[in-house]
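The values are calculated or read from the model by the stated rules, or taken from the named source; none is laboratory data. Because the structure is predicted, anything quoted here is derived from the model rather than measured. Glycine also receives a Cβ, built like all others from the backbone with ideal geometry; neighbour counts cover every protein chain displayed.
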Amino acid sequence: MKKALQYYTKEYLERCAGLTPDQIIEFLENYRILVAKVPEKCQLISLKIEPSLLNAFKQKASLRGAHYQTKIKQLMRD
């Protein structure tokens with residue numbers, strides 16, 4: 001099977017050369033998600049947090065109609 005050959009314009013390559021490391025990481029992560037055939041498995045972690053901070057975070061997430069763990073993952077992605 002032949003694969004398509006991608007051509008890039010000089011302007012596109014110049015624009016890409018100016019990307020910050022954070023922008024490059026975001027692009028690569030978005031591309032990985034886009035082409036992934038199998039969803040990546042989640043990894044269980046342990047994190048020590050003061051109970052009052054966790055309760056406040058849970059309350060804020062609940063008021064926004066979201067699960068607190070989903071909000072934590074969203075913050076990590078951002």
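Couple of notes before you dig in:
- Residue that is modelled with the lowest pLDDT [pool: residues in the stretch 31-44 that are surrounded by 10 or more Cβ atoms within 10 Å (Cβ to Cβ) and either over 20 Å from ARG77 (Cβ atoms) or of a type outside the set (A, V, I, L, M, F, W, C) (or both)]: ARG32
- Residues located in the stretch 1-29, provided they are within 16 Å of the chain's Cα centre (by Cα) and either basic (Lys, Arg) or surrounded by 10 or more Cβ atoms within 10 Å (Cβ to Cβ) (or both): GLN23, ILE24, ILE25, GLU26, PHE27, LEU28, GLU29
- Matching residues, the stretch 45-78, being surrounded by 11 or more Cβ atoms within 10 Å (Cβ to Cβ) and either among the basic types (Lys, Arg) or in contact (Cβ under 8 Å) with a residue 40 or more places away in the chain (or both): LYS58, LYS60, LYS71, LYS73
- Contacts under 9 angstrom Cβ, first residue in the stretch 10-23 being under 24 Å from ARG77 (Cβ atoms), partner part of a helix (DSSP H, G or I), 6 or more apart: CYS16/ILE24; CYS16/PHE27; LEU19/PHE27
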